[in-house]
Amino acid sequence: MFWSLINESDQEKILKGKELPWAEPSEIPVILCENRRNFWLIPPKKVHHAIPAAFVETYELKSNQTWDLILKFSNPSVLELARYSLDNPELPETIFFQVLDLKKTHKTTADWKEMGTLGKNARKLYTYYEFPLNILRLWERMESEYTDRWLNLFQKHNIKKNIIREIILYIYDLCFTDRDLCIQFAEKLSKNWENTRSPFPAEEVRNFIKQKRFPVSEKIQKNLAALKNKLGLKHPVHLHLPADLETESLNFTIQADSCEEILKAAEILQDSKRKDIFRKMFQEIKGKPV
């Protein structure tokens, strides 16, 4: 590693290089040289005077002192380090695992190699949300015409990470026609919301996609909700509809503070009209008469 005073013209050349987003935001970015090996640590904005910068060569990453310097200015991104590791196989993976505090196992090693091969779509998504590999993998397999439009919506409306995760999981399994319908629905809703101060209804977008992904399940859930309303259950009996229909069960809770409330709960559950509704609910869940 060596330090140098970089004049104005050289600053411009360096800053045109490929930045490794090892920190978001970074006080001093890591600017990768054209050979994807060596890099500069240099202030992020061009100034009209010479500035100090550090030039780091690849082999120096084997030194803890080099990482001490880099880590003063950056919080390493797993994806970018994995890609850099793939481009520079002479560097042992254990160096990067140590920096990232990862334990070396067969799974982490396999995941590391796969992360290094992910394209720009996945890397861009990771820059904003740091999703795990299983989500990035699905995102990478989708066409850019969809991912760019979705990412624009996620950013525009500051959609929560957990909802974005669900959207990606649901939309990946849709056919091209339904993918088109979903992004068109979301963009139309976004346009209608431009002059509205209330929060963007991201859940409505998520639910629309979910209905496309699980049309039968969504219909059953609606039928169960209607039957639950017909039950007219009162305290101390409460019914919780299953989020996952594969369980084929209904969850009842009884909150009782006295023996009388337990007897009241038994009376509610033994009501003949309610028994018929219970049978209909299990018929919906199991898909056959019970």
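Do we find that Thr147 is in contact with a strand residue (DSSP E or B) (Cβ under 7 Å, 6 or more places away or on another chain) and either without any contact (Cβ under 8 Å) to a residue 40 or more places away in the chain or part of a helix (DSSP H, G or I) (or both) in this structure? The answer is no for Thr147. Restricting the search to the stretch 162-200, which residues are outside any helix (DSSP H, G or I) and surrounded by 15 or more Cβ atoms within 10 Å (Cβ to Cβ)? Leu174, Trp193, Phe200 - these are the residues of the stretch 162-200 that are outside any helix (DSSP H, G or I) and surrounded by 15 or more Cβ atoms within 10 Å (Cβ to Cβ). Remark: pairs (first residue in the stretch 173-201, more than 19 Å from Met142 (Cβ to Cβ); second residue surrounded by 15 or more Cβ atoms within 10 Å (Cβ to Cβ) and of a type in the set (Gly, Ala, Ser); Cβ separation under 8 Å; 6+ apart in sequence or on different chains) = Phe200/Ser190.
Could you grab me the full set of residues in the stretch 131-144 that are over 16 Å from the mean Cα position of the chain (by Cα) and in a helix (DSSP H, G or I)?
Ser144
Which of the residues belonging to the stretch 101-149 are among the aromatic types (Phe, Trp, Tyr) and closer than 23 Å to Glu166 by Cβ? The answer is Tyr126, Tyr128, Tyr129, Phe131, Trp139, Tyr146. Residue pairs whose Cβ atoms lie under 6 Å apart, separated by 6 or more positions or on different chains, with the first residue in the stretch 229-245 and more than 15 Å from Ala265 (Cα to Cα) and the second among the aliphatic types (A, V, I, L, M) and modelled with pLDDT of 85 or more, are Lys230/Ile277; Leu241/Leu224.
Would you check if Leu153 is closer than 30 Å to Glu187 by Cβ, at pLDDT below 95 and surrounded by 13 or more Cβ atoms within 10 Å (Cβ to Cβ)? Against the criterion (closer than 30 Å to Glu187 by Cβ, at pLDDT below 95 and surrounded by 13 or more Cβ atoms within 10 Å (Cβ to Cβ)), Leu153 does not qualify. Taken over the stretch 69-83, the criterion of being more than 19 Å from Tyr129 (Cβ to Cβ) and either at pLDDT 85 or above or surrounded by fewer than 19 Cβ atoms within 10 Å (Cβ to Cβ) (or both) is satisfied by Leu69, Leu71, Lys72, Phe73. Of note, Glu140 satisfies the criterion of being at pLDDT below 95 and touching a Gly at 6+ places or on another chain (Cβ under 9 Å). Those residues that are surrounded by 13 or more Cβ atoms within 10 Å (Cβ to Cβ) and in a helix (DSSP H, G or I), I need them from the stretch 84-108; list them, please. Passing the criteria: Tyr84, Ser85, Leu86, Asp87, Glu93, Ile95, Phe96, Phe97, Gln98, Val99, Leu100, Thr108.
The values are calculated or read from the model by the stated rules, or taken from the named source; none is laboratory data. It should be emphasised that the depicted structure is a prediction, and the values quoted were computed from it without experimental measurement. Positions of Cβ are generated from backbone atoms using ideal geometry, with glycine treated the same way; all protein chains shown enter the neighbour counts.
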